[in-house]
Amino acid sequence: MAQLWGGRFTKETDQLVYNFNASISFDRKFYKQDIRGSIAHVTMLAASGILTDAERDLIIEGLNGILTDVENGVLEISSKYEDIHSFVEANLIDRIGDTGKKLHTGRSRNDQVALDMKLYVRDEITELKELVKHLLTTLHGMMKEHIDTYMPGFTHLQKAQPITLAHHLGAYMEMFKRDYERLCDIYDRMNFCPLGSGALAGTTYPLDRELTASLLDFSGPTLNSMDSVADRDYCIELLSALSTIMMHLSRFSEEIIIWNSNEYRFVELDDSYSTGSSIMPQKKNPDIAELVRGKTGRVYGALISLLTTMKGIPLAYNKDMQEDKEFTFDAIDTVKGCIALFTGMISSMAVNKKNMEASAKNGFTNATDAADYLVNHGVPFRDAHGIVGQLVLLCIEKDISLDELPLSEYKKISPVFEEDIYTAISMKECVQKRNTLGAPGPNAIKKVIDINEAYLAGLQ
Ligand code: ARG
C-alpha cells in the first residue's frame, strides 16, 4: 500500500478497503496527462515565485525521466500505488529526493484529477475527430462514385421511391458531419483549466491560473473552484455525442446487413471483413456490422451510468466521481474501434449496381411519378392518387409493373394518359428530374458534393 495521506491515521487501511478505493488499475491510462499537468504546474509555481528555477528544473527533469521510463517499459506503473498521482509523486521523490515533495504545493488531487481527465478527454476528442473525418472522406469518395447507381429508397422498409446510392450515403454524410461538429462544440465548451482550484476552495498561494491555462492550451482558467473539481458535464456531453455516433453507425450497420443478405445482394462485404460459420460451410457473415450494432448498447450504458452516478452528488468533490473514468474510457475506446472498422468495411465492400437498379425498378417505386403525371395534366392530386392506386392494383393482379401495363389499360382508368407516360415513369427519369437541393437528382447531388468538398477541405 502506497498512499499520500497516512499522517492522521493510527491504523493501516484494511486491504479490501484499499483495493476498493484504489484507482490505479484504470487511471494509469492518463499517466502522460498527469505528468504534463505537473510540468505546467511547477512551471507556473516558479514563475509565481513559489519555487526557485532550480527546483523547477530538477522536478521537470525528474518528471520527464518518469515519462520516458514508463514509455520505454523500464518503469512499471505498479498497482501498489493508490492512484496514478501517488505513483508519479512517489517516483519523483525516489528520483530527485526532497525537492520532489514540493510538486504538490498549491494543488489537491481533486483539481489534479479534474485536470488530468480534461486533458485526456481533450486528446481523445482530437483522435475521434480524425476518425470521423476519415469516415466522412470515405463516404464523400463513395458518393462521387455512385451518382448514377440507382436503388430503391424505403419507408417502413417498404420500397417507396427510386433514389441513388450517392443520395443514400449523403444522408449518413449529414449525420456524421453533425457528429463531427458536436465533438468540436464539446471541446470548446470544456476547454477551461481547473488547476488551481485546490480541494474545493482555491489556495492561499499566489498562483497564476492564467499562466497554467495557457501552458496547457486551454482558453482560460475556470471561474469557480467548487464547480471546477465537481464538474463532469464534459464527460456526459462526450458520452452523449458518442452514443449518437453509435446510433448512426448502428443504423448504417443494420442497412449493410440487410443489403448484404442473400435476399437483397445490393452489396457484398469483402472477405477480409466477414467471418465464417463453424458448422455451415456456405456462410459468410457480416459480424463486424453486427458487432458495431451490438456495441451501441454498451456506449449508451456508459452515458446512463455516468448520468446516474452524478445525480444527487452534493458539492464539491465526492469519491463517486472516480467512477467517471472506466465508463468514459471504455466508451471512447469502443467508439474509436467501431468507426475505424466500419470505415474499412464500407470502403472495401463491393456494390452490386445491377441488383440495386433492378430492385429500384420493381415494387411500384414510380407510382408517385405516375400521379404527378396526371397532376401535370390538370388532374387534382387526390384524384390522381386514387387513379394510380387502381392501376397498381391491376398490375398486382396481372403480376406486372406499371411500365409493362399497356396504354389501353391506362386509358380505361383515365383518358388523360398518353404514350409519354412511359418516359414519365421510367425509373431513371424519376430520379433525374428530382433536382431541388437535397434531392437525389444528379444536379442536386453534384451541388451537395461540391459543398461537402469545401466542408472537408475546411476541417482542421
Ligand atoms: N482517484 C481519484 C478520482 O479519480 C482522485 C481524486 C482523489 N481525491 C480525493 N479527495 N480522494 O477521483
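Coordinate-derived values only; no laboratory data. Keep in mind that this is a model prediction, so the values were computed, not measured. Don't worry about glycine lacking a Cβ; one is built from the backbone with ideal geometry, like all the others, and counts go over all protein chains shown.
A compact table of results
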| quantity | calculated |
| --- | --- |
| Part-to-part distance (alpha-carbon centres) for region 131-187 and region 37-96, which is given in Å | 47 Å |
| Fraction in percent of alpha-carbon pairs per bin - 10 Å, the chain | 4, 16, 21, 18, 14, 11, 8, 5, 3, 1, 0 |
| Sites residue 435 and residue 399 - FRET efficiency at Förster radius 25 Å, r taken between beta-carbons, to 0.05 | 0.15 |
| Label-point gap, in nm, between residue 201 and residue 420 - each point 7 angstrom along Cα→Cβ | 8.5 nm |
| Region 262-381, relative contact order in percent, only Cα pairs under 8 angstrom and at least six apart counted | 34 percent |
| Dipole of region 75-140, positive direction: furthest Cα of 115, 88, 131, with charges on the beta-carbon | 115 |
| Two-site label geometry, residue 262 and residue 291: point separation in nm, points 7 Å out along Cα→Cβ | 2.5 nm |
| Amide N of region 65-83 lying under 11 Å from the label point, which is placed 7 angstrom from the Cα of residue 19 along Cα→Cβ | none |
| Extension reserve of the residue 350-residue 178 stretch, reckoned as 0.36 nm per residue once the Cα distance is removed | 59.2 nm |
| Whole-number percent relative contact order across region 286-354, with pairs defined as alpha carbons under 8 Å at least 6 apart | 42 percent |
| Cβ-Cβ FRET estimate between residue 219 and residue 377, R0 fixed at 60 Å, reported to 0.05 | 0.45 |
| Restraint check, 177/428; 29/283; 102/311; 133/361; 29/295, Cα-Cα greater than 32 Å | 29/283; 102/311; 133/361 |
| 222 nm mean residue ellipticity, helices alone, for the chain (DSSP H n ≥ 4; -39,500 (n - 2.57); rounded to 500) | -20000 deg cm²/dmol |
| Kirkwood Rh in Å, taken over region 296-384 so that all alpha-carbon pairs contribute | 18.7 Å |
| Mean Kyte hydropathy of 0.0 or more with a Cα span along the axis of at least 15 Å, helices from DSSP in the chain | 31-47, 53-71, 84-96, 233-259, 287-310, 324-348, 381-398, 442-458 |
| As computed over region 349-449, the Cα convex hull volume per residue (Å³) | 116 Å³ |
| Residue 78 versus residue 47: modelled label distance in nm, points set 7 Å from Cα along the beta carbon direction | 3.6 nm |
| Whole-percent pair-distance distribution, where bins are 10 Å wide, for the alpha carbons of region 74-148 | 15, 27, 23, 14, 11, 8, 2, 0 |
| Test item: Cα-centred dipole of the chain, Lys/Arg +1 and Asp/Glu -1 on Cβ, debye | 480 debye |
| Linear extension gain, residue 283 paired with residue 57, 0.36 nm per residue minus alpha-carbon span | 75.1 nm |
